[in-house]
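Quick notes on the structure that follows.
No lab work stands behind these numbers, since they all come straight from the coordinates. Quick caveat, the model's predicted, so the values are computed rather than measured. Neighbour counts run over all protein chains shown; Cβ positions are idealised from the backbone, glycine included.
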Amino acid sequence: MFDIQLFGPVEVRTRGVLLAGADFGGDHPRRILALLALRGEMSTSELAGVLEEKKKAVESDMSVLRDRLEPGTAPNDSVVRRRGGRWSLDPDRVRVDVARFDELINAAAGRPAERAVKPLTAASFVASRPLLEDEDLPWAAEARAAYRAKLVMARHEDVTQVN
C-alpha cells in the first residue's frame, strides 16, 4: 500500500520506506504525483499544461516517478497507471490523506453537532498542516485555498447547528 501525504510536504510511505523531497527524482516527478493524488486521472497534455512543461518532459518525468516509487517494476505493474492515454494512481494500492479528509468532511455534513464533532476533529487533524505546503505554484495555491475553505465551511456549519 502507498500512503500519500499531501497535507504538509508531499511524502509517500510504502513497505516501511519514506519517500520525500529529492527521493522523487526532482520537482516535476513529485508534482506529477501530487497532481494525480489530488485530481485523479489526467492526460499527458493536461499534466503538461498545469506544470507548464512539454509533453515529452512529462513522459520522461513519469518514467522517473515510476522508478522512484517502485524500482525495477515493469510499467504495466506500476502503481502509476496509463490507460486510454490517461494517467492515474492504482486506487487499490493507494491511500491519499486528501481523500480521507474529504470522507471525514462528508461524514460530518448534515449530522447534528454532537455527532459531527468526531469527524470534524479527525479532519482537522488530517489537515493540521497546509496542503502542499512546499509548493508555491498557482495550482497548488488554488488547491490549498479550496481545502482550507472546505474545513472552514464544515466548522461553520457545525457551529451554526449548535446555535
Q: Using a/c under 1.5 as the rounded threshold, could you call the stretch 96-162 rounded, prolate or oblate? The axes a ≥ b ≥ c are square roots of the C-alpha gyration tensor eigenvalues, and prolate needs a/b larger than b/c, oblate otherwise.
A: prolate
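What is the Cα convex hull volume of the chain when expressed per residue in Å³? Don't skip to the answer; put the middle values down first.
Values: hull volume 19.0 nm³, N = 163.
Normalising the Cα hull of the chain by residue number yields 116 Å³.
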Q.
Among Val80, Ser124, Tyr147, whose Cα projects farthest towards the positive end of the dipole of the stretch 78-154, with charges put on the beta-carbon of Lys, Arg (+1) and Asp, Glu (-1)?
A. Val80
**Q.** Convex hull volume per residue in cubic angstrom - Cα atoms of the stretch 2-89
**A.** 89
Q: Would you pull out the residues with amide H under 5 Å of Leu6's amide H, same chain only if 5 or more places away, H placed 1.01 Å from N?
A: Asp97, Val98
Q) Relative to the Cα centre, what is the charge dipole magnitude of the stretch 96-162, using +1 at the beta carbon of each Lys and Arg, -1 at the beta carbon of each Asp and Glu, and rounding to the nearest 20 debye? A) 340
Q. Counting Lys +1, Arg +1, Asp -1, Glu -1, what net charge surrounds Arg68 among other residues with beta carbon under 11 Å of its beta carbon?
A. -2
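222 nm [θ] for the chain, helices only, -39500 (n - 2.57) per DSSP H run of 4+, per residue, to 500?
Values: 6 runs with 87 residues, N = 163.
Calculated at 222 nm, the ellipticity per residue is -17500 deg cm²/dmol.
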